[in-house]
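Have a look at the structure below before the remarks.
The values are calculated or read from the model by the stated rules, or taken from the named source; none is laboratory data. Every value quoted in this text rests on a predicted model; they were computed, and no experiment measured them. Cβ sites come from the backbone with ideal geometry, for glycine too, and all protein chains shown count toward neighbours.
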Amino acid sequence: MSRFLRSAVLSLLAIFVASSAFAAGSATTLKNLQTAFNGESNAHARYLAFAKQADKEGYGQVASLFRAAARAEAVHAANHAVVIKKLGGTPEAKIETPDVKTTRENLQAAIKGETYERDQMYPEFLKQARAVANKDAIQTFNYAKSAETEHARLYTEALNNLDTLKGSKNRAYFVCPTCGNTVVKIDFAKCPVCFTEKEKYETVS
């Protein structure tokens, strides 16, 4: 085999290997999107159930927080679904019956879930999405990770002050319809995560 032919064969082989790796990476990103879609869909259902329990126990403000977070999770699920469809997939979620306990325990469970997504799940999904340069996946994962960070903080704050929140009334939280960012007050002109105009934020109580 001539040197030229050998070089051509090696180049084609390298291209094939790179293409195969890219295809495998894209498949992994699609799988991750499906996992995230399922997780966010279940979180939406779980937080609505937690909100009902909080209302039942007289923690109105906590109930509002759970409903706001549920709305944010719905935004994340919708964003993930769009990218899944772009990759040729069909969004699928297996909604499980929420395990509802006391509001204190529900907050602890919520913190655990949000912390896992913030520190482990989404960082890993982002790493893999960046490896295949999927900008849509990177964006939707980033949006969700940013919101989950704030949810974990809000849930932790509520848990730490739970005794003082007994008998509290429902209060307004504000949720970005684009990225799910959740705040207690709008003190900005545009969403700090996705730059959506503040006027588009939804009020949830």
request  = Say whether the condition of being outside any helix (DSSP H, G or I) and closer than 20 Å to Tyr59 by Cα is met by at least one residue in region 157-166.
outcome  = yes
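This table checks each residue for (1) loosely packed, with under 15 Cβ neighbours inside 10 Å; (2) over 22 Å from Asp136 (Cα atoms); (3) in contact with a helix residue (DSSP H, G or I) (Cβ under 7 Å, 6 or more places away or on another chain); (4) in contact (Cβ under 8 Å) with a residue 40 or more places away in the chain.
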{"site": "Ala77", "(1), (2), (3), (4)": "no, no, yes, yes"}
{"site": "Ile84", "(1), (2), (3), (4)": "no, no, yes, yes"}
{"site": "Ala93", "(1), (2), (3), (4)": "no, no, yes, yes"}
{"site": "Val100", "(1), (2), (3), (4)": "no, yes, yes, yes"}
{"site": "Asn106", "(1), (2), (3), (4)": "no, yes, yes, yes"}
{"site": "Met121", "(1), (2), (3), (4)": "no, no, no, yes"}
note = In the set Arg104, Arg171, the lone residue that is part of a helix (DSSP H, G or I), of a type outside the set (A, V, I, L, M), over 27 Å from Gln34 (Cβ atoms) and out of contact with any Gly (no Cβ under 6 Å at 6 or more places or on another chain) is Arg104
ask   = Can you name the number of the only condition in (1) loosely packed, with under 15 Cβ neighbours inside 10 Å; (2) in contact with a strand residue (DSSP E or B) (Cβ under 8 Å, 6 or more places away or on another chain); (3) farther than 15 Å from Phe66 by Cβ; (4) not charged (D, E, K, R) that Phe195 fails?
value = (2)
task = Could you tell me whether any residue of region 12-23 is among the β-branched types (Val, Ile, Thr) and either modelled with pLDDT under 95 or touching a Cys at 6+ places or on another chain (Cβ under 6 Å) (or both)?
result = yes
key: Odd one out for Lys94 among (1) part of a helix (DSSP H, G or I); (2) modelled with pLDDT of 95 or more   = (1)
